[in-house]
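Single-structure report; data block below.
The values are calculated or read from the model by the stated rules, or taken from the named source; none is laboratory data. Note that the structure is a prediction, hence the values are computed from the model and not measured. Cβ: placed from backbone, ideal geometry, glycine included. Neighbour counts: every protein chain shown. All accessible areas refer to the heavy atoms of the entire protein, side chains included, with ligands and DNA or RNA removed. Shrake-Rupley method; radii C 1.70, N 1.55, O 1.52, S 1.80 Å.
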Amino acid sequence: MPVLDSPAAVREALLAEHYLADDGLATVAFLAISMSRPLFLEGEPGAGKTELARALAAVTGGELIRLQCYEGIDVAQALYEWDYSRQLLHLRASEARGAARGAEIEDEIYTERFLVRRPLLRALSATGDAARPVLLIDEIDRADDEFEALLLELLSEYAVSIPELGTVRATIRPIVVLTSNRTRDVHDALKRRSLYHWIEHPEFDREVAIVTIRLPGIDVGLVRQVTAAVHAMRELALYKPPGVAETIDWTEALSRLGTKVLDSEVVEATLGVVLKYREDADLVVREGLDELTRRATARA
Amino acid sequence: MSGSDPDDRALVAAVATGLAYELRKHGLSTPLSSILIFAEALATVGLKEEQSVYWAGRSVFVHGPEDVALYDMGFFSYWHAPAEASDADQPQVLVLAPTLSDALPVVEDQLEGAEPEVAGATFSASERLGRADLAALSDEEVNEALAMISAARRMRNLKRTRRLAPGRSARLDLRRNVAAAVKRDGEILAEHRLARRRRERRIVVLCDVSGSMASYSRAMLRLSHVLAQGSAPIEVFAVGTRLTRLTRRLQSHDANLALRDAAAAIPDFSGGTRLGDALAEFNTTYGVRGIARGATVVICSDGIDRGDPDRIASEMGRLSRVAHRILWVNPLAASPGYRPLARGMAAALPFVDRFMPGESVDALFAVLAEIGGQSSRRPRVVAFAAPAA
């Protein structure tokens, strides 16, 4: 694992994993790793938040543990749960045998054997010489206040207490990455606990570089045209503006079709790769595909 | 830099507090816990590079893109400040051990609301005031009416969530059953059950603040303030020639303060209306982010608009596809013989679930009750008196 002792070192390491980070992101990531504080990434969908977590895990060589948040997610899905069916079977079997009673049953039921470790607990359980795992808590804005309270406790101590088992404390602290699409204002306390970074859609040159790195052997002229077209689309009032992921997909699709120079027909035919809403596609067509294509080819 | 040298530590502390002080002057929140984190970050990344210090501070003090401009200004004035200026107003540098904990207040859900409680009109004078058209009242009477609105309390508008808690339904609560069985030496009685917890539905208020709405918009904003003091998540926007978000400004408990603050934020109070543009901006900037999803949307406007009715129709369509239901409060609707002929109003009407008058205090109380009312979406007859043909 490369030594991550400066923002530049982090940047180089991420680049080796095909992730192009700008100075700001590299600095904040460096701080998050060194200070063992969570990295809170907020920004446009498709701007590379989840990708960063993947790249960091590749850099450290640790496991990427992903927790996808949704409304109503709670301790049982996120932290741990008991394997109730097996516990009930065990209870029935004991009862049938007329075996253990009272406290003994309790000791048998609440053991490792019946414990189901969910992502948060797994992230705290790395031991020995294992590489630092990366815990990705994705789309925290979809969860609710109560879940945030749970996270806040966990992220301050990197420890949880399981009533029946005792306290589990991380010997190797995971690198924690939280992402949010801002559909809801996440509580300030969580942001203050973390190091915050807002990720925007990249500028033209950087986006071209990102796509080129992700699609080895691709025709750079095509990449530039596609990127220019996507940037033009982002200026419109779209329901869901395309992200970097869409730029990459579109470039790949056009490449497979053998396209070297964009024209209105091929753009219209492949619009579904880059715009996922009917209204957005209609809007772009209404605004004029010819103009869009002209702007795109001008930057080839 | 090692950070263990006392001079280094003093320098880090000075920079941390100095920058925080400057940022506070520019309007950013700089709690002590954050300053401590910033100091640690500085010790980690070093003070040599301006960029490193910039990003270290930004990662601690900026919590959203709207803070970036303020941070940039604050950072610039701190970093490039003339040397003499510093000593005079530097705050004292205190080095504390970080033992603060950021406690997060857990939102408590409460089941089953009580009857809608509305400040009752106990005197006939209040009754008359409640029924009167706000535009027809004197300034003094208007203030009294507004005070009546502020005194109202609202019923909670519950909705089901995915979160499960002890309750009554067919779903078994395995965890509690197992725990109970253990206490009974292994005997299993499947008696504990789970039900979906109820939670408040979000309210979104879009209030037309144009000239034609003058007296009514003040009352509606008062009502929004009352709603904001309740437990439901709420977002409030003013609609004029553009959209202004008022939510944060209405959070103060003092109604007068909150409303002064809100009014100050609206650049085009009593100007014209461009409903289509404002709705489009709302949908694109906030609606897409999910603020309106599953929410009760309350639009308060007379529908008199200078913009394109087709735009209003398409934006209302977009909104109706994500919102739970849309209430339209129209102060003109109470006039006898009113019909929604204004093109803006007519364009929007097909997407409205409930159309209500809003010219008096009583009418607004009815709106309050409606917001707090049913959770189910039933097609409703548009409630205005329109004689056939």
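Could you work out how much longer the chain between A:Ala76 and A:Glu157 gets when fully extended? Use 0.36 nm per residue separation minus the Cα distance between them, nm to one decimal.
On the way: separation 81, 0.36 × 81 = 29.16 nm, distance 1.98 nm.
Fully extending the segment from A:Ala76 to A:Glu157 adds 27.2 nm.
Accessible-area rank, largest first, for B:Phe269, B:Phe237: B:Phe269, B:Phe237, with all protein chains present and a 1.4 angstrom probe.
Under a Gaussian network description of chain A, with springs only between Cα atoms under 10 Å, the residue in A:Ala57, A:Ala29, A:Ala103 that fluctuates furthest is A:Ala103. Between amide H atoms placed 1.01 Å from N, distances below 5 Å from B:Arg199 occur with B:Lys159, B:Arg160, B:Thr161, all of them 5 or more places distant or on a separate chain. Once the Cα-Cα distance is subtracted from the 0.36 nm per residue extended length, the A:Val220 to A:Glu200 segment shows a gain of 4.9 nm. A crude spin-label estimate for the pair A:Ala99 and A:Glu279, with each label 7 Å from Cα along the Cβ direction, gives 6.2 nm. Contact order for the stretch A:1-86, expressed relative to its length and based on alpha carbon pairs under 8 Å spaced 6+ residues apart, stands at 25 percent. Averaged over the residues of A:183-192, the number of partner chain Cβ atoms lying within 10 Å of the residue Cβ comes to 6. If you average the C-alpha positions of the stretch B:230-282 and of the stretch A:1-55 separately, how far apart do those two centres end up, in angstrom? Result: 38 Å between the Cα centres.
Please report the buried accessible area for the interface of A with B, total over both chains, probe 1.4 Å, in Å² to the nearest 100.
The A and B chains share an interface burying roughly 4800 Å².
Within chain A, the whole DSSP H helices whose Cα atoms reach 20 Å or more along their own axis and whose mean Kyte-Doolittle score is at least -1.0 are A:220-234, A:278-298. Shielding value for A:103-113 is 2, the average number of Cβ atoms from other chains within 10 Å of each residue's Cβ.
The GNM of chain A, with springs linking C-alpha atoms under 10 angstrom apart, assigns the highest mean-square fluctuation among A:Val116, A:Val226, A:Val208 to A:Val116. For chain A, the relative contact order comes to 21 percent (Cα pairs under 8 Å, sequence separation of at least 6). For the pair B:Ala136 and B:Asp310, a Förster radius of 35 Å applied to the C-beta separation gives a FRET efficiency near 0.50, rounded to the nearest 0.05. For the protein assembly as shown, a simple Cβ point-charge model (Lys and Arg +1, Asp and Glu -1, everything else neutral) yields a dipole of about 2320 debye relative to the Cα centre. Report note on the peptides B:219-231, B:8-20, A:234-246, A:168-180: ranked by the mean count of other C-beta atoms within 10 Å, highest first, their order is B:219-231, A:168-180, B:8-20, A:234-246.
Placing B:Trp328, A:Trp198 in order of accessible area, with the largest value first and a 1.4 Å probe, yields A:Trp198, B:Trp328. Separation of the stretch A:173-194 and the stretch A:242-300 by C-alpha centroid, Å? That distance is 34 Å.
Solvent-accessible surface (1.4 Å probe) assigned to B:Arg245 amounts to roughly 70 Å². Charge tally for B:Gly240 (other residues, Cβ to Cβ under 15 Å; Lys, Arg +1; Asp, Glu -1): -1.
By accessible area, using a 1.4 Å probe on protein heavy atoms only, the protein assembly as shown has 51% of its surface on carbon and sulfur. Annotation: A:Glu164 carries an accessible surface of approximately 70 Å², with a 1.4 Å probe and no ligand, DNA or RNA atoms counted.
Based on DSSP H segments of at least four residues, each scored -39500 (n - 2.57), the protein assembly as shown has a per-residue ellipticity at 222 nm of -14000 deg cm²/dmol. Near the amide H of B:Val236, within less than 5 Å, lie the amide hydrogens of B:Val205, B:Leu246, B:Thr247, all on another chain or at least 5 residues away, with H placed in the peptide plane.
Of the chymotrypsin sites (Phe, Trp or Tyr not before Pro) found in the stretch A:1-104, those that fall in a DSSP loop while having at most 15 other beta-carbon atoms within 10 Å are A:Tyr70. Under the criterion of Cα pairs below 8 Å and six or more residues apart, the relative contact order for the stretch A:245-300 equals 42 percent. Summing Lys and Arg as +1 and Asp and Glu as -1 over all other residues whose Cβ lies under 14 Å from the Cβ of A:Thr167 gives a net charge of -2. Given a 1.4 Å probe and the protein chains as shown, A:Thr297 ends up with an accessible area of around 50 Å². Label zone of B:Leu172 (point 7 Å out along Cα→Cβ, amide N under 14 Å): in the stretch A:56-97 this covers A:83-93. Partner shielding of B:10-20 amounts to 0, given as the average count of beta-carbon atoms from other chains within 10 Å of each residue beta-carbon. Projected label points at A:Asp22 and B:Leu47, each 7 Å from Cα along the beta carbon direction, are separated by 2.8 nanometres.
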